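Below is one structure, written out as C-alpha cells; comments come after it.
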Amino acid sequence: MGLPPGRYASAGDPLPGRSMPPPLPSPESLELPEDLVDLEGWLVATLRVAQPEQIHGAVARAERVAAQRFPPGAVVAALRRVLSVELARQ
C-alpha cells in the first residue's frame, strides 16, 4: 500500500501525510448530475462544502435531492460508499 507500518486503525492514530485539507469542489460539481455514474462525485462535493456540524442535514438533503432523479437503492448505495470515506476524513 505504500504506507509505513503503524497502528493507523487501532488507537485512532492518523494516517501520515494528510495535513492538507482536500480541495473545495467547483461550482459545476455541486450541480446534480444527469448520469448515475457521476452521483458519487456529486455527493462528495456536496458533503465537502458542509461544515462538520451541518453534515447530518447535508446528507439528508443530498439523499432527498438525488432520489428525485435516481432510484432510491442506487442513492443509498452511493451514499454508503461516499460516507465510508468522507466521514472518516473528518
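Throughout, read-outs are computed from the coordinates displayed, never taken from laboratory work. Given the structure is predicted, the values throughout are model-derived calculations rather than measurements.
Points worth noting:
- Translational diffusion of segment 28-89, µm² s⁻¹ [Kirkwood Rh, Cα pairs; Stokes-Einstein; 10 °C; 1.306 mPa s]: 139 µm²/s
- The slack in the chain from Arg64 to Ala77, taken as 0.36 nm per residue of separation less the alpha-carbon distance, amounts to 3.3 nm.
- With contacts taken as Cα pairs under 8 Å at a separation of at least 6 residues, segment 28-89 carries a relative contact order of 36 percent.
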